[in-house]
Amino acid sequence: MQNRKSILDPRSSILDLVPLTATMILLLALGLGMFVLTLCVQMVPVAIFIHIAASRHPRSLMPPSFGANFILLQSVAALLVFAHLVNIALWALLFRLCGEFADLEAAYYHSAGNYTSLGYGDIVMSARWRLLGPLETIDGIVMFGISTALIFALMMRLIERRLKAKEPEMNGLSQKN
């Protein structure tokens, strides 16, 4: 008879109780769940920007000045970085809950390496949970893509507003000639 562990045993994992194929499906489902959760976190800055950009208020993106644009870009970038740090922490928390790391600092360090696709390889997860590493990397790449798209869209909107603000000035010059 096979010696099966009980889920009540603190040294066991839910993965000890399911066959290999089911384990892989469980890990993929866990990774997908984390992707959805981190996507929600990453959408907060996006939703804020869309609200500002779609606002009909005349000062919705501030006057088209260098200082105001600089502050807005820095604020959005800082908010996006914060969202990425929260996402890394969520993955680190998952790794801790899986029992992969004894302390949060090591879990966060490992998670940051995965999420940014840096992957030093100095800390490696056990074979049981290692599929979560590439799933976190995919998540990080997608979230950085969303951040890049948001910053690019914001810069395009600011440039467009700046050009529209200079339009009357340019029309006045062309009429004088």
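Every read-out reported here was derived from the displayed coordinates using simple, explicitly stated rules and does not represent laboratory data. Because the structure is a prediction, the values reported are computed rather than measured. A quick note on method: Cβ atoms are made from the backbone with ideal geometry, for glycine too, and the neighbour counts reach across all protein chains shown.
Some points to look at:
- Residue exposure sequence - VAL124, VAL142 - by fewest surrounding Cβ within 10 Å: VAL124, VAL142
- Residue by residue, segment 91-104 carries 3J(HN,Hα) couplings of 5, 4, 4, 4, 4, 5, 5, 6, x, 7, 10, 6, 9, 5 Hz when phi is fed to the Karplus relation 6.51 cos²θ - 1.76 cosθ + 1.60 (θ = phi - 60°); x denotes Gly or Pro.
- Exposure proxy order (Cβ contacts within 10 Å, fewest to most) of CYS40, CYS98: CYS40, CYS98
- The per residue volume of the convex hull around the alpha-carbon atoms of segment 73-114 is 55 Å³.
- Residues MET156, MET24, MET143, arranged from fewest to most other Cβ atoms within 10 angstrom of their Cβ, appear as MET156, MET24, MET143.
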